[in-house]
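What follows is one structure encoded as C-alpha cells, with my remarks underneath.
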Amino acid sequence: MSTNMEKPRDVVGGLLVVLIGAGFLVFGRELELGTSFRMGPGYFPTVLSVLLMGLGAVLAGLAWRRPAVEGALGQVPWRGLVLVLGSVVLFGLSLRGLGLGPVLALVVLLTAWASRYASWRASVPLALGIAVFCAALFIKALGLPLPLVGPWLSAGYWSPPPAATTAPAQ
C-alpha cells in the first residue's frame, strides 16, 4: 500500500480535530449567535469550533503533502497505553478508599512507569510533590470534601470486627 503521507498519525489526528470541532459546531447551533458587538451565548463556542476545525485541517494538510516514509505508524506502546488508562481508572475507583494523597502518588508513579525515559529517582519526588500540592490546593484551599488518607489505609478497616458478647439468659 503506497501512500504519499509522511505522518499518517498527523493526518488522522488533524481529521479527528476537524470532526470534534464540527461536532461542537453542530451541537452549538441551538444557541443564539448574536453579533461581535452583542455576543450571544453561542458566539464564542462557534468561533472556537471554526478555529478548531481550521487548525485540524491545517495539521492534516501539512502532513498529507509531505513525502512518504516507511513504517510511519510504528508500534503500539501497549505498556504505556495500559498503564496510563489503568491509572485513570484506578484514580476513579480508589480515590475515596485510599485518599487523595496516596492515590495521586500511585497514579504519578504508574504513569511514570509507562515511559521508558522516566527514572524512579525523579518519579518519587515528583509523585510526592504533586500529592502534597494537590492536597493543599483541593483539600485546604478549595475545601473539597476529599479524605487526605482514606479508610483503606487504617488498621481498623482491615481488622476483624470485635466478637459480639451475648448476655446470659435469666
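The values are calculated or read from the model by the stated rules, or taken from the named source; none is laboratory data. What you see is a predicted model, and the numbers here were worked out from it, not measured in a lab. Every residue, glycine as well, gets a Cβ built from its backbone with ideal geometry; the counts of neighbours run over all protein chains shown. Remember, those area values only see protein heavy atoms, side chains included, never the ligands or the DNA or RNA. Shrake-Rupley method; radii C 1.70, N 1.55, O 1.52, S 1.80 Å.
Are there any pairs, at least 6 apart or on different chains, whose C-beta atoms fall under 6 Å, with the first in the stretch 55-82 and within 16 Å of ALA114 (Cβ to Cβ) and the second modelled with pLDDT of 80 or more, and if so, which?
GLY80/ALA114
Say we look at the stretch 81-99 and pick out the residues that are under 15 Å from the mean Cα position of the chain (by Cα) and open to solvent by 90 Å² or more (accessible area, probe 1.4 Å); which of these is farthest from PRO151 (Cα to Cα)?
VAL82
When only residues in the stretch 100-121 that are farther than 14 Å from CYS134 by Cβ and open to solvent by less than 30 Å² (accessible area, probe 1.4 Å) count, which is modelled with the lowest pLDDT?
Top of the filtered list is ALA114.
Does any residue of the stretch 140-156 turn out to be aromatic (Phe, Trp, Tyr) and at pLDDT 90 or above?
Yes - at least one qualifying residue is present in the stretch 140-156.
Here are the criteria: (1) surrounded by 14 or more Cβ atoms within 10 Å (Cβ to Cβ); (2) part of a helix (DSSP H, G or I). Tell me which single one PHE133 does not satisfy.
Unmet condition: (1).
Among LEU126, LEU137, LEU109, which is of a type outside the set (Gly, Ala, Ser) and without any contact (Cβ under 8 Å) to a residue 12 or more places away in the chain? Outline the logic, then answer.
Values: LEU126 fails: without any contact (Cβ under 8 Å) to a residue 12 or more places away in the chain; LEU109 fails: without any contact (Cβ under 8 Å) to a residue 12 or more places away in the chain.
Among LEU126, LEU137, LEU109, only LEU137 is of a type outside the set (Gly, Ala, Ser) and without any contact (Cβ under 8 Å) to a residue 12 or more places away in the chain.
Which condition breaks for GLY99 when tested against (1) on the phi > 0 side of the Ramachandran plot; (2) without any contact (Cβ under 8 Å) to a residue 12 or more places away in the chain?
The single condition GLY99 does not satisfy is (2).
Looking at this structure, is LEU59 modelled with pLDDT of 95 or more and crowded, with 17+ Cβ neighbours inside 10 Å?
Judged against the criteria, LEU59 is not a match.
With respect to the numbered conditions (1) out of contact with any Phe, Trp or Tyr (no Cβ under 9 Å at 6 or more places or on another chain); (2) at pLDDT below 85; (3) open to solvent by less than 80 Å² (accessible area, probe 1.4 Å), which one is the sole condition not fulfilled by VAL47?
(2)
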